[in-house]
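Where a number appears in this text, it was derived from the coordinates with a stated rule and is not lab data. Bear in mind that the values here come from a model prediction, so they are computed numbers and not experimental data. For neighbour counting, all protein chains shown are included, and Cβ atoms are generated from backbone atoms with ideal geometry for every residue, glycine included.
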Amino acid sequence: MRFFVDTADVTELEKLVVTGMVDGVTTNPSLIAKSGRNILEVTKEIADVVPGPVSAEVTATDYDTMIEEGQKLAKIADNIAVKVPLTVDGLRTCKTLSSQGTMVNVTLCFSAAQALLAAKAGATFISPFVGRLDDMGMDGMELIESIKDIYDAYPQYSTEILVASIRTPRHVERAAEMGADVGTLPPRVLWDMYQHPLTSKGLDDFLSDWGRTGQSIL
Ligand code: G3P
């Protein structure tokens, strides 16, 4: 399973890149706003730091302007995936950009029917938002299961499932159990995945016992 980081904070991203766990990045207009940076500049910096796909989202809602924005974003670097919302115009844009050889990430997916449309439009990635479904009292991970079943039934679709709106390491575990292709993780969730109280306790015990031996490996 590949891990993307859901952030437009380059400093935070660089700390994660050195762990060797980062395969790509996703951004959205809210994350760009939070960064306080210019979208073109910060996206270029991110694309230089991470070799894998970097999603940059269009902000227009009509087809013609989405195409124009998407083509401009795609020119930033070879590893840009243009992110479009799951709307009629968004999927038209997806089809056009995909046919031009641009990676497209279709975002704001909340149903399996929408995911099917995105696959037919040639999306590189479909981004179902599991956390936001959980927030509504639903089980967001059930959507991943359903999309996986549909995509597995039609191997001619090459769209990858990019689990988004992840809030906890448990979301990541469940996505991996289902065989999701990618998860996009807020930095905190990726750091949290390293943690287990028994790991910390076990290490403390080992080091304390080692200290009593008076030995040194080096
Ligand atoms: O990048 C889109 C997605 O991951 C947003 O997550 O936490 O704002 O629902 P969230």
Distance (nanometres) between label positions extended 7 Å along Cα→Cβ at Lys44 and Arg212: 6.0 nm
Spin-label model distance (nm) - Tyr194 vs Thr87, 7 Å beyond Cα toward Cβ: 4.0 nm
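On a full-extension model of 0.36 nm per residue, what is the gain between Leu203 and Gln156, subtracting their alpha-carbon distance, rounded to one decimal in nm?
Numbers: separation 47, 0.36 × 47 = 16.92 nm, distance 4.81 nm.
Gain on stretching Leu203 to Gln156: 12.1 nm.
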Cα shape, the stretch 90-133, gyration tensor, a/c 1.5 rule: prolate
Label zone at Arg2 (point 7 Å along Cα-to-Cβ), backbone N below 15 Å, the stretch 163-206: 163-164, 180-185
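If Lys and Arg each add +1 and Asp and Glu each add -1, what is the summed charge of the other residues whose beta carbon sits under 12 Å from the beta carbon of Met141? Let's see the in-between values first.
Working: positive: Lys148, Arg167, Arg170, Arg174; negative: Asp134, Asp139, Glu142, Glu145, Glu173, Glu177.
Combined, the nearby Lys, Arg, Asp and Glu give -2.
Divide, for the stretch 1-105, the radius of gyration over alpha carbons by 2.2 N^0.38 Å, where N is the residue count. Walk me through the intermediate numbers first.
Numbers: Rg = 13.3 Å, N = 105, 2.2 N^0.38 = 12.9 Å.
Ratio of Rg to 2.2 N^0.38 Å for the stretch 1-105: 1.03.
Shape verdict for the stretch 2-207, please, from the Cα gyration tensor: rounded (a/c under 1.5), prolate (a/b greater than b/c) or oblate. Before the final figure, lay out the partial values.
Working: a/c = 2.06, a/b = 1.32, b/c = 1.56.
Because a/c hits 1.5 or more and a/b fails to exceed b/c, the stretch 2-207 counts as oblate.
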Label point at Glu14 placed 7 Å out along Cα→Cβ; residues across the stretch 50-89 whose backbone nitrogen lies under 18 Å: 50-52
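I want the local charge near Ala112. Using Cβ-Cβ distances under 15 Å, sum +1 for each Lys or Arg and -1 for each Asp or Glu among the other residues. Can you show the working numbers first?
On the way: positive: Lys120, Lys148; negative: Asp139, Glu142, Glu145, Asp149, Asp152.
Computed value for this residue: -3.
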